[in-house]
Amino acid sequence: MTDPDASAHPYADLDDLGVATAAARAGADVVRGLYGKRLTRVEKGGGDFATAADVEAERAILGVLRTARPEDAVLGEEGGRQGAADAERQWLVDPLCGTLNYAVGSMLVAVNVALRDGAAAVADPFGGEVFRTDGESAWVRYDGADTRLAPSSGSRLVDVNLDPPFPGAPAFQAVDLLAHPGFAGQFRPRVVSTTLALAWVAAGRRAAYVTDGGDLSGSVHFAAGIALCRAAGCVVTGIDGAPIGPTGRGLVAAADAGTHALLMSMIRG
């Protein structure tokens, strides 16, 4: 017998991975739908800004999360903290990773939804892929089918975040890594959306991703990508080689131990 309330509770039977996937897809639908339109901007200072697409995509994501997990808290890139302060669970939402790309007509963007220390999903609005993890294994869903993510360093492509500020300077700046005499002999640099880059490391399309920064474990920008890389079996540390956490510094996510060791030797050198 059909549940008469099923249409009112479309996410009632979903586990956390299903909720993360549905939320990321809802945001991706908005991002795709508003692509190419003239959008208002919300200035954040320091050259950073959001667009109406960021705001509307986050609203769509929150709609899914509030319906599916009403007791959970949310930390959104645009809306900040919402929900009970003493909630045991928190979702981290970046509705449009790659706003600078999106604003100039580039499709290299992603939509991130992650349950802290749990499931996560990264949707590519234009590629039609959703990179997903339940916290233990990781897959990419395309056209209704899941394929297990398999990191590989074969491409030798390394994405490097060059956005300011540079908290590690002068001890470390990503641009210095690119200028390292050994880098060009081993790798080729690329710069795309942060989370798309991390998803591609997990999927074997990039050899590594490197960024400066502080503790990124609870960042709406990085949480979903870090979860994917860890679940896929990548080597994930800070730029100092230490575990990601409260005292961490930046991020090095590499497809394998050899690639990680090479990059760390250049960073430390």
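The values are calculated or read from the model by the stated rules, or taken from the named source; none is laboratory data. As the structure is a computational prediction, the values presented were derived from the model and not from experiment. Neighbour counts are summed over all protein chains in view; Cβ atoms, including those assigned to glycine, are modelled from backbone coordinates with ideal geometry. For the accessible areas, the whole protein counts, side chains as well, though only heavy atoms, and no ligand, DNA or RNA atoms are used. Shrake-Rupley method; radii C 1.70, N 1.55, O 1.52, S 1.80 Å.
Within region 244-259, which residues are out of contact with any helix residue (DSSP H, G or I) (no Cβ under 9 Å at 6 or more places or on another chain), under 21 Å from SER137 (Cβ atoms) and not small (Gly, Ala, Ser)?
Scanning region 244-259 gives a single hit, ASP256.
Of all residues in region 127-174 being aromatic (Phe, Trp, Tyr) and open to solvent by 60 Å² or more (accessible area, probe 1.4 Å), which is nearest to the chain's Cα centre (by Cα)?
TYR142
Can you confirm whether region 4-27 contains a residue that is in contact with an Asp or Glu (Cβ under 9 Å, 6 or more places away or on another chain), modelled with pLDDT of 90 or more and over 21 Å from THR133 (Cβ atoms)?
Looking through region 4-27, none of the residues is in contact with an Asp or Glu (Cβ under 9 Å, 6 or more places away or on another chain), modelled with pLDDT of 90 or more and over 21 Å from THR133 (Cβ atoms).
This table checks each residue for (1) aliphatic (A, V, I, L, M); (2) at pLDDT below 90; (3) within 21 Å of the chain's Cα centre (by Cα).
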{"site": "ASP176", "(1), (2), (3)": "no, yes, no"}
{"site": "VAL192", "(1), (2), (3)": "yes, yes, yes"}
{"site": "ARG205", "(1), (2), (3)": "no, no, yes"}
{"site": "ALA223", "(1), (2), (3)": "yes, no, yes"}
{"site": "THR237", "(1), (2), (3)": "no, no, yes"}
{"site": "GLY245", "(1), (2), (3)": "no, yes, yes"}
{"site": "GLY250", "(1), (2), (3)": "no, no, yes"}
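I need a count of the residues in region 176-192 that are open to solvent by 50 Å² or more (accessible area, probe 1.4 Å), farther than 16 Å from ASP212 by Cβ and touching a Leu at 6+ places or on another chain (Cβ under 7 Å).
Number of matching residues: 3.
Taking region 217-269, which residues are farther than 21 Å from PHE131 by Cα, in contact with a Leu (Cβ under 9 Å, 6 or more places away or on another chain) and surrounded by fewer than 16 Cβ atoms within 10 Å (Cβ to Cβ)?
none
Got a number for residues in region 199-216 being of a type in the set (A, V, I, L, M, F, W, C) and either open to solvent by 20 Å² or more (accessible area, probe 1.4 Å) or within 19 Å of ALA171 (Cα to Cα) (or both)?
Residues in region 199-216 being of a type in the set (A, V, I, L, M, F, W, C) and either open to solvent by 20 Å² or more (accessible area, probe 1.4 Å) or within 19 Å of ALA171 (Cα to Cα) (or both): 4 in total.
Restricting attention to region 75-103, which residues are without any contact (Cβ under 8 Å) to a residue 24 or more places away in the chain and farther than 23 Å from ARG41 by Cα?
Listed by number, the residues that qualify are GLY83, ALA84, ALA85, ASP86, ALA87, GLU88.
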